[in-house]
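A short worksheet on the structure shown next.
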Amino acid sequence: MNQRKFSIKRTTQETDISLDLDLDGNGIADVDTGIGFLDHMFCSLAKHANVNLTLRCKGDLEVDDHHTAEDCAIALGQAFDKALGDKKGIVRFGHAYAPLDEALARVVVDLSGRPFAHISLTLDDGMIGNLKTENIAHVFESFAMSARITLHVDVLRGKNSHHKAEAAFKGLALALRTAVSLRSDSTVIPSTKGVL
């Protein structure tokens, strides 16, 4: 099996990011974005997707959290896309329900090569830790666009915004874990087009 790993260095005037991703890891994460709740979500994603993730970001947090959240998601999506390679042998589709106490999220993914995101989190306006809740949906959208995947995220119920956001990230992790897993025949591209 080819190693499904990718490392990326992404530097702009707003952020300086280094990221290492291993799709065939064991859920180990070492994340420091400068935004505690975002670190928590990326660690949860790695743990439940069973991928290894190392992520460092120095961002312009003196401005606000938007650039850091967006750029980390873009870098993660780019690394995810590159680590998948030609996508031979992957299951391609994945879906999951993930609860966290009173919150319940449903996530469906297609590693189609066609970027699309429908994100419905129903989060209260405001902050979770030092991350604006409006930027959480943007993280999902930015990841989907740069990973070139179709992503549907719906929080079906919940009261606590932390719980709803975390249920969504865990749902994404579980759906991706299925979608990137390999079939017994690892030479087939799962598409009638013959390419993803």
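The values are calculated or read from the model by the stated rules, or taken from the named source; none is laboratory data. Just so it is clear, the structure is predicted and the values come from calculations on it, not from any experiment. No Cβ is skipped: glycine too gets one built from the backbone with ideal geometry, and neighbour counts run over all protein chains shown.
What the table below lists for this structure:
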read-out	value
Of residues in the stretch 1-22 being part of a loop (DSSP other than H, G, I, E, B) and modelled with pLDDT of 95 or more, the one farthest from the chain's Cα centre (by Cα)	13
Single match in 51, 107 (criterion: within 26 Å of residue 187 (Cβ to Cβ), of a type in the set (A, V, I, L, M, F, W, C) and buried (at least 17 other Cβ atoms within 10 Å of the Cβ))	51
Among (1) out of contact with any strand residue (DSSP E or B) (no Cβ under 7 Å at 6 or more places or on another chain); (2) touching a residue at least 12 places away in the same chain (Cβ under 8 Å) - the single one residue 62 does not satisfy	(2)
Residue that is in contact with a helix residue (DSSP H, G or I) (Cβ under 7 Å, 6 or more places away or on another chain), in contact (Cβ under 8 Å) with a residue 12 or more places away in the chain and farther than 17 Å from residue 173 by Cβ, where the choices are 4, 10	10
Residue in the stretch 117-161 that is surrounded by the most Cβ atoms within 10 Å (Cβ to Cβ), counting only those that are among the small types (Gly, Ala, Ser) and part of a helix (DSSP H, G or I)	147
Pair list, Cβ under 7 Å, 6 or more apart: the stretch 116-135 residue on the phi > 0 side of the Ramachandran plot, other residue outside any loop (DSSP other than H, G, I, E, B) and among the hydrophobic types (A, V, I, L, M, F, W, C)	122/155; 129/37
